[in-house]
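Below: the structure, in structure tokens.
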Amino acid sequence: MYVEYITMEHGVEIRLNQPESYNALFPEFIEAIVSAFNKAEADKAIQYILFTASGKGFCSGLDLKWAATIPTSDVQHIVEKYFNVLAETIFNCSKMTFCYLQGVASGAGASLVLACDWIIGNSSATIHLPFLQLGLMPDTGMSFLLTRRVGYAKSIQLLAECKKITVSELEHLGIVQTIVKEKEDIYLLIQQLPNHKLQALKQLLQPKHNLSSALQQEAIAQHTIMQTGEYKEKLNAFLNKTT
């Protein structure tokens with residue numbers, strides 16, 4: 001089962017369930033995530049979503065072994081068909097979405113976190129932005145999602161440095177709103193909130209900027225840079241380093 005769908009009082013937990021690969025993203029997995037969010041969206045009884053992951057990390061981003069098999073001519077189509085749809089599904093969901101970030105969220109996995117409304121981290125929570133380091137451009141809405149949280153100048157710095165951002169830094173930047181010691185603390189936090197008003201609050205405050213246009217520009221930029229072949233060299237170097 002790629003994704004676990006666990007009903008709770010007034011809400012649902014959507015849990016990524018590929019811990020052996022640190023929840024790395026590939027087409028069937030992405031489709032399962034989209035399906036789970038669409039199911040929650042259609043259920044009028046659900047007021048909020050708790051987005052979590054099994055294993056030591058939240059999501060390592062793109063499955064790099066799968067990525068190595070993608071022809072460069074197919075890049076824009078794949079980005080638009082899978083990663084753009086995934087980002088829009090989470091970001092545009094009308095339900096208030098809490099994300100529990102444990103361990104690392106990297107690349108496209110970090111975008112999934114940033115697409116949520118309220119990010120809750122534990123002591124090991126980390127976000128890694130390795131796009132440029134891998135010869136790639138930010139995708140899955142990162143160009144829009146990061147900028148709306150930390151601003152233009154800081155986004156350039158974080159994406160150019162390609163570094164891992166610790167939970168204390170994430171809190172300082174305003175990316176992580178709450179730090180908890182145990183996952184159970186999240187349930188206590190949510191129970192104290194006026195759940196029946198969260199959906200209306202999200203609709204009132206949701207940024208009016210256009211995520212769709214940002215996603216389209218990302219797909220074009222990713223396609224263009226991958227024509228150079230640089231990402232293949234960096235990708236192979238990365239995979240050889242980790243095997």
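The values are calculated or read from the model by the stated rules, or taken from the named source; none is laboratory data. Note that the structure is predicted; figures quoted are calculated from it, not measured. Cβ atoms come from the backbone with ideal geometry, glycine included; neighbour counts cover every protein chain shown.
Could you grab me the full set of residues in region 105-118 that are within 11 Å of the chain's Cα centre (by Cα) and among the hydrophobic types (A, V, I, L, M, F, W, C)? ALA105, ALA108, ALA110, LEU112, VAL113, LEU114, ALA115, CYS116 - these are the residues of region 105-118 that are within 11 Å of the chain's Cα centre (by Cα) and among the hydrophobic types (A, V, I, L, M, F, W, C).
If you take the residues in region 65-77 that are crowded, with 18+ Cβ neighbours inside 10 Å and of a type in the set (A, V, I, L, M, F, W, C), which one is nearest to PRO138 (Cα to Cα)? Taking the candidates together, the pick is VAL75. Would you point out which residue out of ILE127, ILE165, ILE120, ILE190 is assigned to a helix (DSSP H, G or I), of a type outside the set (D, E, K, R) and in contact (Cβ under 8 Å) with a residue 24 or more places away in the chain? Criteria check complete, one pass: ILE190.
Does region 143-155 contain at least one residue that is assigned to a helix (DSSP H, G or I), within 16 Å of ARG15 (Cα to Cα) and touching a residue at least 60 places away in the same chain (Cβ under 8 Å)? Checking region 143-155: not a single residue is assigned to a helix (DSSP H, G or I), within 16 Å of ARG15 (Cα to Cα) and touching a residue at least 60 places away in the same chain (Cβ under 8 Å).
Applying a threshold of 6 Å to beta carbon distances and a minimum spacing of six or more residues, or different chains, the list of pairs starting in region 72-89 at a residue that is touching a residue at least 60 places away in the same chain (Cβ under 8 Å) and ending at one that is small (Gly, Ala, Ser) and outside any helix (DSSP H, G or I) reads ALA87/ALA115; ALA87/GLY141.
Of all residues in region 128-159, those satisfying the criterion of being within 23 Å of ALA68 (Cα to Cα) and hydrophobic (A, V, I, L, M, F, W, C) are LEU129, PHE131, LEU132, LEU134, LEU136, MET137, MET142, LEU159.
Residues of region 5-27 that are more than 17 Å from the chain's Cα centre (by Cα) and not polar (S, T, N, Q): TYR5, ILE6, MET8, GLU9, HIS10, GLY11, VAL12, GLU20. Among LEU129, LEU173, LEU145, LEU136, which is the only one that is more than 15 Å from the chain's Cα centre (by Cα) and surrounded by 20 or more Cβ atoms within 10 Å (Cβ to Cβ)? Selected residue: LEU136, the only one of LEU129, LEU173, LEU145, LEU136 that is more than 15 Å from the chain's Cα centre (by Cα) and surrounded by 20 or more Cβ atoms within 10 Å (Cβ to Cβ). Of the helices (runs of 4 or more DSSP H) lying entirely inside region 28-92, those carrying at least 3 residues that are at pLDDT 95 or above, within 20 Å of LEU146 (Cα to Cα) and within 16 Å of the chain's Cα centre (by Cα) are 85-91.
Within region 15-33, residues that are more than 13 Å from ALA105 (Cα to Cα) have Cβ atoms under 6 Å from residues that are among the hydrophobic types (A, V, I, L, M, F, W, C) and in a helix (DSSP H, G or I) in these pairs: PHE26/TRP66; ILE30/LEU86, counting only partners at least 6 apart in sequence or on another chain.
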